[in-house]
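Remarks on the structure that follows.
The values are calculated or read from the model by the stated rules, or taken from the named source; none is laboratory data. For clarity, every value in this text was computed on a predicted model and none was experimentally measured. We place every Cβ from the backbone using ideal geometry, glycine too, and count neighbours over all the protein chains shown. The accessibility values were calculated without ligands, DNA or RNA, using every heavy atom of the protein model including side chains. Shrake-Rupley method; radii C 1.70, N 1.55, O 1.52, S 1.80 Å.
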Amino acid sequence: MTDLIRFQDVTRSYRGQAVLTGLSFSVRQGEIYALLGRNGAGKTTAFRILLGELLPHSGRAELLGESSENLSAKTRSRVGLVTEGHPVYPFMSIGDLVEFEAGTQSTFDRAYAVAALSRLHLPQAASLRALSRGQRSLVVLIMALATRPKVLLMDDPAMGLDAAMRREFLDAMIELLGEQGRSVLYSSHILGDVERVADRVGILHGGALVADMELDQLKRRISRRFVKTARPAAEWQASVPGLLRVQLERGGARLVLFDDGSRGEAIERALRALDPALPPADGLSLEEAFLELTAGPVVLGAASGVNP
Amino acid sequence: MFLRIQPSSSDPLFEQIVFGVKRAVASGELAAGERLDSVRDLAKQLAINPNTVAKAYAELESQGVIVRRQGAGCFVAERSSPLSDRERNKRLSQLVERLVIEAFHLDFSPPEIRAAVLARLDLHASDQGTSP
């Protein structure tokens, strides 16, 4: 499969403060990729670099096979955008906006836009100024989807949406994905929604990804285990790879472990050396996994708290 | 078709769908020959990624639970496992072994385990007896 989006070792700092220290990942055709991170982790910076609004200090970003530093008009026309900075002209009505978009975007599907607006109870006569933030996000999403984009980029689109609007938003996104071969890169803090739709998840922490894998894999590779051992943690802690957290309890310790894909067997071996009758692992929800992987102070350039 | 899923569970969503369909077939809620919702419809209904539903259907097809008819959709297969008798016996004994071991670690005695299995089988039989 082809990669429609690619980040290769991208670095960027603001006023001497490193934001991205080596961001690498790609989004394949037909894939929904969720980029997660705490506030200030650098998600918006990554989006801006991908769109060519900001240049990386090193490394490279690509969109539909073109370098982000000089995207052609054709490539831009095949990308749907739902971002905070998306211009919505407050003096227009929704209907004006539809006409405007239809006039400027050759691939704009007016029938789709009109039907979607009416399904979501967004009257064409309504002034954009009068809309709530959530309604405005929905209008922007519909405009983006109506161009039938090859790639949809959404930076925290759920911000300001109530539960019912979020569901509408998800439904619209799912409908788009019913069409073959479209890719989505989006960031969100609503992890319950991400669990419904993401194929792959990247967790941005400390300027780079601390996890980049299929959602199903992530939930299994980060696990909770209980080891029965009388030995003090200080003796064995350093010998267990991927250890995120240790909590001592009577008769043993409760551990949170992360297998980045390379150390599953090493983890198993280290734990069995401590407790030959090791019980099976418990998986985590995405929210639990996210909290474990982004806990603690941000150490730039290193996955904080994870043993090598 | 009525499936319930738990997106926050660490069990992959596609496996939850696979098991949900298998359970619906086993209980008689879905009859042989009945048509399943299309990938798009089920994805919409559950508000999940269509890729996930497609993956679940492919898995159900490879396990012989459903059959895909070109252009017509997916249907519940007539009940017959595509596996050899030997393979079926092997898998059944693995499942039973797992059950016995896990139940042992929950501190149940052999008579208690046997009673629980028989009760479940009775329940299953009555489910099948009462559904259309």
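If you take the residues of segment A:174-197 that are closer than 27 Å to A:Ala18 by Cα, surrounded by fewer than 22 Cβ atoms within 10 Å (Cβ to Cβ) and in contact with a helix residue (DSSP H, G or I) (Cβ under 7 Å, 6 or more places away or on another chain), which of them is nearest to the other protein chains (Cβ to nearest Cβ)?
A:Leu191
For every residue, the table says whether it meets (1) within 14 Å of another protein chain (Cβ to nearest Cβ); (2) part of a helix (DSSP H, G or I); (3) free of Cβ contacts under 8 Å to residues at least 24 places away in the same chain; (4) within 20 Å of B:His124 (Cα to Cα).
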position: B:Arg4; (1), (2), (3), (4): yes, no, yes, yes
position: B:Val18; (1), (2), (3), (4): yes, yes, no, yes
position: B:Leu30; (1), (2), (3), (4): no, no, no, yes
position: B:Thr52; (1), (2), (3), (4): yes, yes, no, no
position: B:Glu61; (1), (2), (3), (4): no, yes, yes, no
position: B:Cys74; (1), (2), (3), (4): no, no, no, no
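Helices (runs of 4 or more DSSP H) wholly in segment A:176-245 with at least 1 residues that are under 20 Å from A:Ala270 (Cβ atoms) and at pLDDT 90 or above - which ones?
A:215-221
Name every residue in segment A:252-268 that is under 21 Å from A:Glu235 (Cβ atoms) and either in a helix (DSSP H, G or I) or polar (S, T, N, Q) (or both), in order of residue number.
A:Ala266, A:Ile267, A:Glu268
If B:Ala103 satisfies all but one of (1) within 30 Å of A:Gly30 (Cβ to Cβ); (2) surrounded by 15 or more Cβ atoms within 10 Å (Cβ to Cβ), what's the number of the condition it fails?
Condition not satisfied by B:Ala103: (1).
Determine whether A:Ala144 is touching a residue at least 12 places away in the same chain (Cβ under 8 Å) and within 14 Å of chain B (Cβ to nearest Cβ).
no
Listed here are the residues, each with its yes/no results for (1) modelled with pLDDT of 90 or more; (2) over 29 Å from A:Ala281 (Cβ atoms).
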site	(1), (2)
B:Gln6	yes, no
B:Ser9	yes, no
B:Leu13	yes, no
B:Gly20	yes, no
B:Ala26	no, no
B:Asp37	yes, yes
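When you go through (1) in contact (Cβ under 8 Å) with a residue 12 or more places away in the chain; (2) among the small types (Gly, Ala, Ser); (3) away from chain B (no Cβ under 13 Å); (4) surrounded by fewer than 18 Cβ atoms within 10 Å (Cβ to Cβ) one by one for A:Ala208, which number turns out not to apply?
With (1) in contact (Cβ under 8 Å) with a residue 12 or more places away in the chain; (2) among the small types (Gly, Ala, Ser); (3) away from chain B (no Cβ under 13 Å); (4) surrounded by fewer than 18 Cβ atoms within 10 Å (Cβ to Cβ) applied to A:Ala208, the lone miss is (4).
Output yes when any residue across segment A:93-108 is modelled with pLDDT of 90 or more and within 27 Å of the chain's Cα centre (by Cα), and no when none is.
yes
Considering only segment B:19-59, state which residues are within 24 Å of A:Glu214 (Cα to Cα) and of a type in the set (Lys, Arg).
Matches in segment B:19-59: B:Arg40, B:Lys44, B:Lys55.
Of the conditions (1) more than 10 Å from chain A (Cβ to nearest Cβ); (2) open to solvent by less than 10 Å² (accessible area, probe 1.4 Å), B:Pro12 clears all except one; give me its number.
Among (1) more than 10 Å from chain A (Cβ to nearest Cβ); (2) open to solvent by less than 10 Å² (accessible area, probe 1.4 Å), the lone unmet condition for B:Pro12 is (1).
Can A:Arg200 be described as open to solvent by 30 Å² or more (accessible area, probe 1.4 Å), facing chain B (nearest Cβ under 9 Å) and within 26 Å of A:Ala289 (Cα to Cα)?
For A:Arg200, the condition - open to solvent by 30 Å² or more (accessible area, probe 1.4 Å), facing chain B (nearest Cβ under 9 Å) and within 26 Å of A:Ala289 (Cα to Cα) - is not met.
Would you mind stating whether B:Ala47 is more than 20 Å from B:Ser27 (Cα to Cα), more than 14 Å from chain A (Cβ to nearest Cβ), without any contact (Cβ under 8 Å) to a residue 12 or more places away in the chain and open to solvent by less than 70 Å² (accessible area, probe 1.4 Å)?
Answer is no for this residue.
Could you list, in sequence order, all residues of segment B:64-92 that are modelled with pLDDT of 90 or more and open to solvent by less than 70 Å² (accessible area, probe 1.4 Å)?
B:Val65, B:Ile66, B:Val67, B:Gly73, B:Cys74, B:Phe75, B:Val76, B:Ala77
Looking at (1) over 14 Å from the mean Cα position of the chain (by Cα); (2) over 21 Å from A:Val210 (Cα atoms), which is the one condition that is false for A:Ala18?
The one condition A:Ala18 does not meet is (2).
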